[in-house]
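Engineer: Okay, handing you the structure first.
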Amino acid sequence: MAQSSGVVFPETGGTRSTSALGRAVVADALRVADPVGAQAAERETNWRQGYLTHFRRLVEAGLLSDDAAVSIARSGLQALHQRMHATTGEGEVPVGELFERDTADRPLETVTVQGTRARARELSVPFHGERLGGDALHRQLDAWTAAGSMEPSAADAVREVAANPDWLDLTGDRLVVLGAGAEMGPLRAVLSWGGDVVAVDLPRPEVWRRLLETARGSAGTLRVPVASGSGVGDERLPERAGADLVHDLPPIADWLEGLEGSLVLGNYVYADGATNVRVSTAVDVLSAELLRRRGDVSLAFLATPTDVFAVPTEVVEASTRSYTTPSGPMRLARPALRALSGGRLLRRNYAPGSDPGLNDSLVPQQGPNYALAKRLQRWRATAARRDGVAVSLNVAPPTRTRSVVKNRALASAYAGAHRFGIEVFEPATSNTLMAALLVHDLRSGRRPETSPWREEAHGAVHGGLWRTAYDPRSALGLAVVLGLGGARA
């Protein structure tokens, strides 16, 4: 993918600096709510390591008031739309002006693929080679809640979906899956329930062969973008399907604008490094444009658990209990480990009595571009809710996706995480659970929480990162060491 076309980082002094962009966007986001924090971000000289402090401060400053949280979200979105660029026939423009300057000269049309199987009529969740439904699912939800892997509100939501299997029929809504090939996306589950799915992913034949096979073996309908007039037959569809969000925003927007039925615009995109910011920015610009053009668009996101979140006092209390009542081996080892590390290892997750607590699960290895791409989604959710748009955003659990396990340090940390009460989920379990939570958000009629931080905390499946006794980064190095053998296996 060309780095100097489509949605791009701005050029400054002959380079396109991801650090300069991230530093500026965070500073702009904080400027009204926390001027001191904005200055600190601007003066950060080592953004690749120092970003952790400033992304934490974005959440801390948002706890001053609900208005502060909304101000940070809106300011961050505005900064990104003004600072990121897009290439047009007239040259580079701020990406927020793309639809004023560029028109769709590469129109898209739809090819529809219809599944052939009967739809699943009750909720079941893959788990360790089985499918859990009915009482078995309820018992597992009890186990996850007791272990602290998910919040009770998440378990209650999944139970409600299981008790209302007619909700699985999403007739009337078309789910647009941006990043259709993503392991964490809801495409497979929603198709199995007979849903109408609009798939957007890069024009890569290997991706589309897999997606088309899934669709044909499902009960659902898959709508696929192809270049207008390409005359695609079934056998050639994988070679012609797809659209590039970074380079083809205007035709994608026109195509989605023309689809019938209410749209649920689901953001499941991911890319490595700086490209993650580019594609996430493209999705946000697309979201804003579709919200402007249509009055029947809702938004859906999955938040990463490796971020900073405010959490309710009952979560803090559960973590504190775990810290004050360690296992026998940990009771013996902890004082020595803390002394040898100068207090850096096995710190408390929260100060006792914090209300709300602040869970900081940012992972340095994932880097500032990943943090910005994911924080952008939370900002859009906060701003859209305040504008009256229906939004589904749920914290997804740590999951053994390909993008995670290819990083040796993260793979080792995940393999050793259970020693600290962290459960790492398999992709099939995660994406079905999160699809069920999406259905709940679309069908239950639940009213949003009053505070942005409470809305983000509701229904979280964090794998235990919020309720563990220890600050996640203070246990990360030990988890890596303890998980080295498991990661190799």
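The values are calculated or read from the model by the stated rules, or taken from the named source; none is laboratory data. Small disclaimer: the values here were computed from a predicted structure and weren't measured. In this analysis, Cβ positions are derived from the backbone assuming ideal geometry, glycine residues included, and neighbour counts consider all displayed protein chains. Just the protein is used for accessible areas: all its heavy atoms, side chains included, with ligands, DNA and RNA removed. Shrake-Rupley method; radii C 1.70, N 1.55, O 1.52, S 1.80 Å.
Engineer: According to the square roots a ≥ b ≥ c of the eigenvalues of the Cα gyration tensor, what is the shape class of segment 132-248, taking rounded for a/c under 1.5, prolate for a/b larger than b/c otherwise, and oblate for the remainder?
Structural biologist: Because a/c hits 1.5 or more and a/b exceeds b/c, segment 132-248 counts as prolate.
Engineer: Okay, moving on. Please give, to one decimal in nm, the separation of the simple spin-label points placed at residue 143 and residue 114, each 7 Å out from Cα toward the Cβ.
Structural biologist: Simple spin-label model gives 4.1 nm for this pair.
Engineer: Further, regarding this structure: Pull up all non-local amide H partners of residue 470: gap of 5 or more, or a different chain, and H-to-H distance under 5 Å with H placed in the peptide plane.
Structural biologist: 349
Engineer: Express the Stokes-Einstein translational diffusion coefficient of segment 399-452 in µm² s⁻¹, to the nearest whole number, given a Kirkwood radius over alpha-carbon pairs, 37 °C and a viscosity of 0.692 mPa s.
Structural biologist: Once the numbers are plugged in, D ends up at 245 µm²/s.
Engineer: Place a label point 7 angstrom from the Cα of residue 101 along the Cα-to-Cβ direction, then list the residues of segment 76-92 whose backbone nitrogen is under 18 Å away.
Structural biologist: From segment 76-92, the list is 78-92.
Engineer: Under a Cβ-Cβ cut-off of 15 Å, what is the net charge of the residues other than residue 450 that fall near it, where Lys and Arg count +1 and Asp and Glu count -1?
Structural biologist: 0
Engineer: A further question follows. What's the extension gain from residue 481 to residue 340 if we count 0.36 nm per residue and subtract their Cα-Cα distance?
Structural biologist: Residue separation times 0.36 nm, minus the Cα-Cα distance, leaves 49.2 nm.
Engineer: Follow-up. Filter the trypsin sites (Lys or Arg not before Pro) in segment 79-186 down to the DSSP loop ones having no more than 12 other Cβ atoms within 10 Å, then list what survives.
Structural biologist: Within segment 79-186, the qualifying trypsin sites (Lys or Arg not before Pro) (loop, at most 12 other Cβ atoms within 10 Å) are 121.
Engineer: Among (1) 50; (2) 43; (3) 66, only one was calculated for this model; which label is it, if the read-out is percent of Cα pairs over 31 Å apart?
Structural biologist: (2)
Engineer: Over every pair of different alpha-carbon atoms in segment 428-483, take the mean of 1/r and invert it; report that Kirkwood radius in Å.
Structural biologist: 13.9
Engineer: Shifting gears a bit: How much of residue 85 can a 1.4 Å solvent probe reach, expressed as accessible area in Å² and rounded to 10?
Structural biologist: For residue 85, solvent-accessible area is about 40 Å².
Engineer: Also: Calculate for the chain the 222 nm mean residue ellipticity that helices alone would give, adding -39,500 (n - 2.57) per DSSP H run of length 4 or more and normalising by residue count, nearest 500 deg cm²/dmol.
Structural biologist: So the calculated ellipticity at 222 nm is -14500 deg cm²/dmol.
Engineer: What distance in nm separates the simple spin-label points at residue 56 and residue 292, each placed 7 Å from Cα in the Cβ direction?
Structural biologist: Placing both labels 7 Å along Cα→Cβ, they lie 3.8 nm apart.
Engineer: A further question follows. According to the square roots a ≥ b ≥ c of the eigenvalues of the Cα gyration tensor, what is the shape class of segment 209-263, taking rounded for a/c under 1.5, prolate for a/b larger than b/c otherwise, and oblate for the remainder?
Structural biologist: Note, shape of segment 209-263 comes out oblate.
Engineer: Between residue 92 and residue 64, what length comes free when the chain is fully extended (0.36 nm per residue of separation minus the Cα-Cα distance, one decimal in nm)?
Structural biologist: Extra length available between residue 92 and residue 64 comes to 6.3 nm.
Engineer: A follow-up question, please. Please report Rg over Rh for segment 337-489, where both radii come from the alpha carbon positions and Rh follows the Kirkwood definition.
Structural biologist: 0.99
Engineer: If you don't mind, there's one more thing I want to ask. Given just the C-alpha atoms of segment 312-356, how large is their convex hull per residue in cubic angstrom?
Structural biologist: For segment 312-356, the hull spanned by Cα atoms encloses 61 Å³ per residue.
Engineer: With r as the distance between the Cβ atoms of residue 314 and residue 122 and R0 = 22 Å, compute the FRET efficiency 1/(1 + (r/R0)^6) and round to 0.05.
Structural biologist: Here the calculated transfer efficiency is 0.10.
Engineer: Also, quick follow-up: For segment 200-314, state the semi-axes of the equivalent ellipsoid (square roots of 5 times the eigenvalues of the alpha-carbon gyration tensor), sorted largest first and rounded to whole angstrom.
Structural biologist: The equivalent ellipsoid of segment 200-314 has semi-axes of 28, 18, 16 Å.
Engineer: Still on this structure: How many percent of DSSP beta bridges within the chain run antiparallel, rounded to 5?
Structural biologist: 50
Engineer: Return the tail of the calculated pair distribution for segment 60-218, meaning the percent of Cα-Cα pairs more than 24 Å apart.
Structural biologist: 59
Engineer: Near the amide H of residue 173, under 5 Å away, which other amide H atoms are found, from residues 5 or more places off or on another chain, if H is placed in the peptide plane?
Structural biologist: none
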